[in-house]
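Some notes on the structure that comes next.
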Amino acid sequence: MNKKLFSATLLLGAVVFRTAAWDYEGHHAVNELALASLPTNFPTFALTPETRTRIAFLAGEADRWRNETSLKNGTGLALGHASGPDHYLDLEDLKLYDLTPEKLPPLRYDFVADIVKARAAHPEKFPAITPAKNADHTRELSGFLPWAITENYEKLQSGFATLAALEKFGGTPEEIANAKQDIVYVMGVMGHFVGDASQPLHTTMYHHGWTTNNNPNHYTTAFGFHAWIDGGFFHKTGGLDVKKLSATIHPAGKIPAADNPDGIFQTAVTFITQANQLVEPLYILDRDGKLSNKENRGVEGRVFLEGQLVKSGQLLGDLWFTAWATAPEDTFLERELTQRAAAAELK
């Protein structure tokens, strides 16, 4: 990107928190693409026009949470602390913990324990943290993106299990309607994190420019690069044509790895690792002027970025479908509903 374009986006980038990825238009597109993948045998309540609109709107929910965070007066710090790291995973940090993507623990707080142990054993390995830049106490962390995806997937499985029990064992119309709304909410919100996972800058320490002394390939060091990739490029080059991108989506299907206990987690990690392999190609596109909005020079960059959105849309549709297809039986709720029905008959 040329210097003028960066100066135009620098202010925007300076006020965007670490958690931003894809602008609302991009996240909205990911959820729309996932909806386009759903086959006709998917629960029909999720396929109505009104519900599709709701699910697409919820793509921006996790970024709206970060809008609450204000380091000036402390408002929202708890929310920023709890949810901010869910948007990324800096894969370069794993070597500091003697971990690889393949060896990441499937449980979030096991990973936190690994971080704590590594920092205690070898504090000299870790760069100093400036307290003024760490009000939300997240700089010690490397991100929780694959765990956020997995946890939301399991929430969705739980939602479908609840709905099935209510429908089969005498749930009231109000209970069934609420269960459906719970499913819709999780579907929409989890789409945000699956969208984050295809944005290469959310998988790397080089998330706001190539901030290192070792930069032999002359990649940009501008902070505003992140904002340009998130949406600045699309805004300056005509936006997104979701209908066109939907033509590249195939029907959602069950993720084979879901049959393994940690299969969904490993699927998320693999997806993030693949995006991380595109970090340097993304910087090269920028360096070579292929992410410019001038003289149609950004054609190759647009194909690259749209391709990442499509990847997230496809994975999200597959995750939704798999959660529905593999939802376990909620035997506890079934017993509760059976006992409630029996008690009502005795009255």
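The values are calculated or read from the model by the stated rules, or taken from the named source; none is laboratory data. In this text the structure is predicted, and so the values were computed from the model without any measurement. Counting neighbours? That spans all protein chains shown, and the Cβs are built from the backbone with ideal geometry, glycine included.
Data overview
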quantity: Any hit, segment 168-186, residues being among the basic types (Lys, Arg), within 30 Å of Asp90 (Cβ to Cβ) and in contact with a helix residue (DSSP H, G or I) (Cβ under 7 Å, 6 or more places away or on another chain); calculated: no
quantity: Segment 92-103 residues that are closer than 17 Å to Glu140 by Cβ, paired with ones that are among the charged types (D, E, K, R) and surrounded by 15 or more Cβ atoms within 10 Å (Cβ to Cβ) (beta carbon under 7 Å, 6 or more apart); calculated: Tyr97/Asp114; Leu99/Asp114
quantity: Enumeration of residues in segment 160-174 that are touching a residue at least 60 places away in the same chain (Cβ under 8 Å) and either of a type in the set (Ser, Thr, Tyr) or within 20 Å of Ser83 (Cβ to Cβ) (or both); calculated: Thr162
quantity: Yes/no for Gly171 being on the phi > 0 side of the Ramachandran plot, buried (at least 19 other Cβ atoms within 10 Å of the Cβ) and not acidic (Asp, Glu); calculated: no
quantity: Test: residue in segment 332-346 that is assigned to a helix (DSSP H, G or I) and polar (S, T, N, Q); calculated: yes
quantity: Scan of segment 118-162 for residues that are in a loop (DSSP other than H, G, I, E, B) and over 30 Å from Trp320 (Cα atoms), ordered by number; calculated: His122, Phe126, Pro127, Ala128, Ile129, Thr130, Asn134, Ala135, Asp136, His137, Arg139, Glu140
quantity: Only listed residue being closer than 27 Å to Leu104 by Cα, outside any helix (DSSP H, G or I) and not β-branched (Val, Ile, Thr), chosen from Pro261, Pro281; calculated: Pro261
quantity: Hits in segment 229-258 - residues which are in a loop (DSSP other than H, G, I, E, B) and without any contact (Cβ under 8 Å) to a residue 12 or more places away in the chain; calculated: Gly238, Asp241, Ala247
quantity: Meets criteria (buried (at least 24 other Cβ atoms within 10 Å of the Cβ) and either over 25 Å from the mean Cα position of the chain (by Cα) or closer than 18 Å to Glu280 by Cβ (or both)) for Ile183; calculated: no
quantity: Residues being touching a residue at least 24 places away in the same chain (Cβ under 8 Å) and touching a strand residue (DSSP E or B) at 6+ places or on another chain (Cβ under 7 Å) - total across segment 213-228; calculated: 5
quantity: Per-region count, segment 221-257, residues surrounded by 18 or more Cβ atoms within 10 Å (Cβ to Cβ) and either closer than 16 Å to Gln157 by Cβ or not aromatic (Phe, Trp, Tyr) (or both); calculated: 15
quantity: Segment 63-81 - residue that is in a helix (DSSP H, G or I), within 12 Å of Thr138 (Cβ to Cβ) and not basic (Lys, Arg) and, of those, modelled with the lowest pLDDT; calculated: Leu77
quantity: Top-ranked residue of segment 326-339 - restricted to ones that are of a type in the set (D, E, K, R) and surrounded by fewer than 13 Cβ atoms within 10 Å (Cβ to Cβ), ranked as farthest from Phe42 (Cα to Cα); calculated: Arg335
